[in-house]
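Colleague: Take this structure first; my questions come after.
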Amino acid sequence: MKAKGFGIIGLGMIAEFHASAIEHMVNAYVVAGFDPVKEKVEHFSKKHNCLGYSSLDEFLSNPDIEICTIATPSGLHLEGAVAAARKGKHVIVEKPLEITPERCREIISECNKNHVLLSGIFPSRYHEAAKLVKEAINEGRFGRITFADAQIKWYRSQEYYDSGAWRGTWSMDGGGCLMNQGIHAIDLLQWFMGPVKEVSAFYSTQGHERIEVEDNAAVILRFGSGAIGTIEGTTCAYPGFLKRIEILGTEGSAIIEEESIIEWKFKKEKEGDELIRKRFRNSTETGGGAADPSAISYIAHQRLFEAFVDSLENGRLPDISGESASKSVEIICAAYESARTGKVVKL
């Protein structure tokens, strides 16, 4: 297989994880990075021994770039993704796909129109713990799942929000503890549980100054299956705790914290269950972003990028298609609507 050339749009913190993931892949390399800030371009190109552009048109005109990853602030994902698609580049977009369902649909439509593949970035789906829970759900091991919840009790300092003018704004961040930090767990919750039918929510801003968005939120969900769920999100919980997903059913229950499985119990035990409990009890090796957004690993990004290249080579949709990546945005925006109106929102 010919090595795939990647280009990265937006050279902030998350671009470093994209670059590390690509550099650790077989038959892939970083061709170039783009950012309107020339100092970022110079630093990135030197560090990763690649080309650097402060002109998006020049960047996208490079024929060696086959795949663009979008690592700009959330509210700018549309512009970068659409520009790349129109140049015939395949597109991988950081979470959230965009900050409203309408903007997500614009990206999906443009990629379809230009016959390029589109994927969202939700690395948590590639953690072994999450894949084991998904497999157990597909096998029916939980019986009837009655309750499922996500807890994202993280901490962000005031300095974090003050470090970038876009942080904590509705126009660029799209939201706070739900849209920016909680979305990984919310994506996992809907991936495990299927469609959400109704959403009711409250939010507030309590622990930070000079931000427009929420730093505390509580959400109640009703899934299409009839199960009920909750989402608890905050960036005010010092010192920050690993994200937690609970899947609770009539025949079994599982609880994961980041990459660890802390409960794995079923009425009908299978060979291998005890090994899972032992192997994954303490398998989280990073802070998971709970207190420091840079305290994550590039490895799950690498797995996602590898799966995307495999999809490209074999002519199939990526694991996390644009439609799949937009579902968490729909849930979060429904929660915001509910909190603002005081009404239950139907999806």
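A short reminder: the numbers here are calculations on the coordinates, not readings from a lab. Owing to the predicted nature of the structure, the values given are computational and were not obtained by experimental measurement. As a convention, Cβ positions derive from the backbone with ideal geometry for all residues, glycine included, and neighbour counts pool all protein chains shown.
Colleague: Could you work out the relative contact order of the chain, using alpha carbon pairs under 8 angstrom and six or more residues apart, expressed as a whole percent?
Modeller: Worked out over the chain, it gives 19 percent.
Colleague: Now for a different question. With charges set only on the Cβ (+1 for Lys and Arg, -1 for Asp and Glu), what does the dipole of the chain come to about its Cα centre, in debye to the nearest 20?
Modeller: Dipole magnitude for the chain comes out near 740 debye.
Colleague: Still on this structure, I have one more. Residue-wise, which Karplus ³J(HN,Hα) couplings in Hz belong to the range 203-209, taking 6.51 cos²θ - 1.76 cosθ + 1.60, θ = phi - 60°, and x for glycine or proline?
Modeller: Once θ is set to phi - 60°, the couplings for the range 203-209 become 8, 7, 10, 10, x, 9, 10 Hz.
Colleague: If each residue's Cβ is checked for other Cβ atoms within 10 Å, how do 25, 193, 1, 179 rank with the fewest at the top?
Modeller: Result, fewest neighbours first: 1, 25, 193, 179.
Colleague: From the backbone phi of the range 149-162, what are the Karplus-calculated ³J(HN,Hα) couplings (6.51 cos²θ - 1.76 cosθ + 1.60, θ = phi - 60°) in whole Hz, Gly and Pro given as x?
Modeller: Residue by residue, the range 149-162 yields 9, 10, 10, 10, 9, 9, 10, 10, 6, 4, 4, 4, 5, 6 Hz.
Colleague: How would 347, 51, 11 line up from fewest to most surrounding beta-carbon atoms within 10 angstrom?
Modeller: Fewest-to-most Cβ neighbours within 10 Å comes out as 347, 51, 11.
Colleague: Only Cα pairs under 8 Å and at least 6 apart count here; give the relative contact order of the range 30-111 as a rounded whole percent.
Modeller: That works out to 23 percent.
Colleague: Going by Cα centres, the range 36-74 and the range 171-200 are how many Å apart?
Modeller: 29 Å
Colleague: Set the bar at 20 Å for Cα to Cα. Now go through 197/268; 134/267; 40/243; 131/278 and name every pair that lies beyond it.
Modeller: Long pairs (Cα-Cα over 20 Å): 197/268; 40/243.
Colleague: Moving on to the next point. I need 24, 301, 115 ordered by Cβ neighbour count within 10 Å, fewest first.
Modeller: Final ranking by Cβ density, sparse to dense: 115, 24, 301.
Colleague: Can you list residues whose amide H is under 5 Å from residue 28's amide H, if they're 5+ apart or on another chain and H is modeled 1.01 Å from N?
Modeller: Here 4 satisfy the definition.
Colleague: Any chance you could list P(r) for the chain, counting all Cα-Cα pairs in 10 angstrom bins from zero, rounded to whole %?
Modeller: In whole percents, the pair-distance histogram is 6, 25, 34, 25, 9, 1.
Colleague: Another question, if that's okay. Quick check: Cα centre of the range 103-125 to Cα centre of the range 281-325, how many Å?
Modeller: Comparing the Cα centres of the range 103-125 and the range 281-325, I get a distance of 15 Å.
Colleague: Something else now. For the range 169-261, calculate the relative contact order in percent as a whole number, restricting contacts to Cα pairs under 8 Å that are 6 or more residues apart.
Modeller: Over the range 169-261, the number comes to 23 percent.
Colleague: What is the set of long-range amide H partners of residue 263 at a cut-off below 5 Å, with H atoms built 1.01 Å from backbone N?
Modeller: The list, which skips near neighbours in sequence, is 255.
Colleague: Viscosity 1.002 mPa s, temperature 20 °C: what is the translational diffusion coefficient of the range 21-143 from Stokes-Einstein with a Kirkwood Rh over Cα pairs, rounded to a whole number of µm²/s?
Modeller: 133 µm²/s
Colleague: Through the Karplus equation 6.51 cos²θ - 1.76 cosθ + 1.60, θ set to phi - 60°, convert the phi angles of the range 247-259 into ³J(HN,Hα) values in whole Hz; use x for Gly and Pro.
Modeller: Once θ is set to phi - 60°, the couplings for the range 247-259 become 10, 10, x, 6, 10, x, 9, 9, 10, 10, 10, 6, 9 Hz.
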